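*Asks:* Starting off with a structure, shown below.
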Amino acid sequence: MSTVVVIGSQWGDEGKGKIVDLLTEYAHIVVRFQGGNNAGHTLVVNGDKFIFHLIPSGILYEDKLCLIGNGVVLDPAVLLEEIDKLAQSGRQITPDRLKISEMTHIIMPYHRLLDHAREAAKSGTKKIGTTGRGIGPCYEDKMARTGIRAVDFLNASLLKEKIQEALKEKNALFKHFGVDIMNAGDVYSEYMNYADRLAPYITDITAILHQAQRNGENILCEGAQGTLLDIDHGTYPYVTSSNTVAGAACTGAGIGPTRIDYVLGICKAYTTRVGGGPFPTELFDEVGDIIQKNGHEFGATTGRRRRCGWLDAVALKNSVYTNGIDGLAITKLDVLSGLETVKICNEYQYNGQRYHSIPKSMEKLTAIQPLYKNLAGWTEDLTTIRSYEDLPPKTRQYLKEIEDLAETPLAIISVGPGREQTLLLRNPFESAKK
Ligand code: IMP
């Protein structure tokens, strides 16, 4: 039995959904442990495209159990919409296949409104560029100990009381921001409908995970966003409001650190970022446009154009340490085909000084110069290649460079969105330490 954690090593959108989908074949259980419907996982299976924001991507396998952990913030309307959409495509999602932790915090309409109002009140470069889904305000309430949890869906009078209490404070804030206040009764009625439908899914998922580990089952922990968006370790304040690093699998699902066997870091062959904040290797030239176009780099949640740049190995190495990455999955390698030169940033320079780790001051991070290692590009189409040995020598050189700079072995290489467009060099479930 093994427990494998999959996390993003950059600013999210590394292609975790596809890799999780692939590894689900070897798992009994897939659990999401942080984030909410700010994430968007795009999967292409037998030519059909699916975008999930909340449901673990493992749901496409009928014999797998999918869990939503306590570290997630859950918008019930979005979850129900995903359940309904899957039903329309002939996939019935029942409570024996999908379970929600009683401790998962619920995104309320006042969280979304506050997210928008706060962002609208910020100007220019101060804007975080949030997805506007209410993620930050929901985590704020969790920390303030005023949040509404899934378990509260099972107690109507408590739910009503909590909504009334929350709105006393939130409505004062809405007046401050000059937006319409909310009516507790309306919110309660809407949420009781969700509560009725979701109640059968709500249970103690930590107990299920502990039992599964005792039974020797394989567990896959599915992260959302990426390390550089982590509330502690990311490019604060241009981050999301949860811990996105591998350690969050422990707190966000209730698994002890000694029970994690392998951490797989997902790394796109280049870098992208949506929203505001520093991005040292960002490209503003034609090459950036080519990568954006060939990589179809638009956000799965908001449809925003993703900012594109070269692979940043300084940031990647930082991710390797922070997450304890055991192996890397390099995704979207095919997108770089046709570029004369490919570059990897291996150092930063600021005021004549060299840096090998990410400066924590945002002023410095915005001002640093990335220094690059230039490598020869390749022209071959990679999308039909199915083995490492068949990759062009220059592509292998690029991969070797990443492996050396990150000091981490490659486990998986992805050369297209389909399940079959994957080179599995090491199976994380089989390479697990124990
Ligand atoms: P929030 O998580 O909606 O509060 O947004 C905070 C920042 O994280 C913004 O820059 C978003 O664009 C970014 N972000 C949140 N979720 C994702 C994701 O799944 N992929 C990439 N960026 C994300």
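*Asks:* Looking only at the range 399-434, count how many residues are over 25 Å from the mean Cα position of the chain (by Cα) and not acidic (Asp, Glu).
*Replies:* Residues in the range 399-434 being over 25 Å from the mean Cα position of the chain (by Cα) and not acidic (Asp, Glu): 2 in total.
*Asks:* Quickly run through the range 215-227 and pick out the residues that are in contact with a helix residue (DSSP H, G or I) (Cβ under 7 Å, 6 or more places away or on another chain) and under 11 Å from Ile7 (Cβ atoms).
*Replies:* Listed by number, the residues that qualify are Cys221, Glu222, Gly223, Thr227.
*Asks:* Please return the ranges of strands (runs of 3 or more DSSP E) entirely within the range 216-277 where 3 or more residues are within 11 Å of the ligand (Cβ to nearest atom).
*Replies:* Passing ranges: none, list empty.
*Asks:* Further, regarding this structure: With the requirement that a residue be part of a loop (DSSP other than H, G, I, E, B), farther than 17 Å from Val72 by Cβ and touching a residue at least 60 places away in the same chain (Cβ under 8 Å), what does the range 100-129 give you?
*Replies:* Lys127, Ile128, Gly129
*Asks:* Let me ask something additional. Quick check on Pro95: is it surrounded by fewer than 17 Cβ atoms within 10 Å (Cβ to Cβ), under 29 Å from Gly185 (Cα atoms) and modelled with pLDDT of 95 or more?
*Replies:* yes
*Asks:* Do we have Asp96 as in the same structural domain as Ala195 (by TED's automatic domain parsing), acidic (Asp, Glu) and without any contact (Cβ under 8 Å) to a residue 60 or more places away in the chain here?
*Replies:* no
*Asks:* Also, quick follow-up: Which of the residues spanning the range 24-65 are under 21 Å from Asp261 (Cβ atoms), under 16 Å from the mean Cα position of the chain (by Cα) and not small (Gly, Ala, Ser)?
*Replies:* Val30, Val31, Arg32, Phe33, Gln34, Pro56
*Asks:* Here is a further query. Within the range 52-67, does at least one residue satisfy the condition of being open to solvent by 20 Å² or more (accessible area, probe 1.4 Å), outside the structural domain of Pro137 (by TED's automatic domain parsing), within 16 Å of the ligand (Cβ to nearest atom) and within 18 Å of Ser242 (Cβ to Cβ)?
*Replies:* Yes, the range 52-67 contains at least one residue that is open to solvent by 20 Å² or more (accessible area, probe 1.4 Å), outside the structural domain of Pro137 (by TED's automatic domain parsing), within 16 Å of the ligand (Cβ to nearest atom) and within 18 Å of Ser242 (Cβ to Cβ).
*Asks:* Quick one: Gly90 ticks every box in (1) open to solvent by 10 Å² or more (accessible area, probe 1.4 Å); (2) modelled with pLDDT of 90 or more; (3) away from the ligand (no atom under 16 Å from the Cβ) bar one, so which box is it?
*Replies:* (2) is the only condition that Gly90 fails.
*Asks:* Hey, can you tell me all the residues within the range 10-19 that are away from the ligand (no atom under 13 Å from the Cβ) and open to solvent by less than 10 Å² (accessible area, probe 1.4 Å)?
*Replies:* Once the filter is applied, which keeps residues that are away from the ligand (no atom under 13 Å from the Cβ) and open to solvent by less than 10 Å² (accessible area, probe 1.4 Å), the range 10-19 yields only Ile19.
*Asks:* Further question on the same structure: Restricting the search to the range 295-329, which residues are away from the ligand (no atom under 16 Å from the Cβ), open to solvent by 40 Å² or more (accessible area, probe 1.4 Å) and among the β-branched types (Val, Ile, Thr)?
*Replies:* Within the range 295-329, Thr322 is the sole residue that qualifies.
*Asks:* Which one is surrounded by the fewest Cβ atoms within 10 Å (Cβ to Cβ), of the residues in the range 181-196 that are among the aliphatic types (A, V, I, L, M) and assigned to a loop (DSSP other than H, G, I, E, B)?
*Replies:* Checked the range 181-196; the qualifying residue surrounded by the fewest Cβ atoms within 10 Å (Cβ to Cβ) is Ile181.
*Asks:* Among the strands (runs of 3 or more DSSP E) contained in the range 351-434, which hold 2 or more residues that are open to solvent by less than 70 Å² (accessible area, probe 1.4 Å) and not basic (Lys, Arg)?
*Replies:* 369-376, 410-414, 422-424
*Asks:* Right, something else. Only one of (1) closer than 24 Å to Thr244 by Cα; (2) among the aliphatic types (A, V, I, L, M); (3) not assigned by TED's automatic domain parsing to the domain that holds Ser241 is not met by Ile208, so which one is it?
*Replies:* Going through (1) closer than 24 Å to Thr244 by Cα; (2) among the aliphatic types (A, V, I, L, M); (3) not assigned by TED's automatic domain parsing to the domain that holds Ser241 one by one, Ile208 breaks only (3).
*Asks:* Sticking with this one: Tally up the residues in the range 124-145 that are away from the ligand (no atom under 16 Å from the Cβ) and either within 21 Å of Ile68 (Cβ to Cβ) or open to solvent by 70 Å² or more (accessible area, probe 1.4 Å) (or both), please.
*Replies:* Residues in the range 124-145 being away from the ligand (no atom under 16 Å from the Cβ) and either within 21 Å of Ile68 (Cβ to Cβ) or open to solvent by 70 Å² or more (accessible area, probe 1.4 Å) (or both): 1 in total.
*Asks:* Can you report the number of residues in the range 280-294 which are open to solvent by 20 Å² or more (accessible area, probe 1.4 Å) and either assigned to a helix (DSSP H, G or I) or within 15 Å of the ligand (Cβ to nearest atom) (or both)?
*Replies:* The qualifying residues number 7.
*Asks:* Determine whether Ser319 is outside any strand (DSSP E or B), modelled with pLDDT under 95, of a type in the set (S, T, N, Q) and closer than 17 Å to Gly234 by Cα.
*Replies:* no
*Asks:* I need the full set of residues from the range 26-51 which are surrounded by fewer than 24 Cβ atoms within 10 Å (Cβ to Cβ), in a loop (DSSP other than H, G, I, E, B) and within 16 Å of the ligand (Cβ to nearest atom), in order please.
*Replies:* Of everything in the range 26-51, just one residue is surrounded by fewer than 24 Cβ atoms within 10 Å (Cβ to Cβ), in a loop (DSSP other than H, G, I, E, B) and within 16 Å of the ligand (Cβ to nearest atom), namely Gly40.
*Asks:* Suppose we filter the range 219-240 for residues that are within 22 Å of Ile100 (Cβ to Cβ) and either surrounded by fewer than 23 Cβ atoms within 10 Å (Cβ to Cβ) or not assigned by TED's automatic domain parsing to the domain that holds Gly71 (or both); how many remain?
*Replies:* 0
The values are calculated or read from the model by the stated rules, or taken from the named source; none is laboratory data. Everything numeric in this text was worked out from a predicted model, so none of it was measured. All Cβ positions, even for glycine, are placed from backbone atoms using ideal geometry, and neighbour counts span all protein chains on display. Remember, those area values only see protein heavy atoms, side chains included, never the ligands or the DNA or RNA. Shrake-Rupley method; radii C 1.70, N 1.55, O 1.52, S 1.80 Å.
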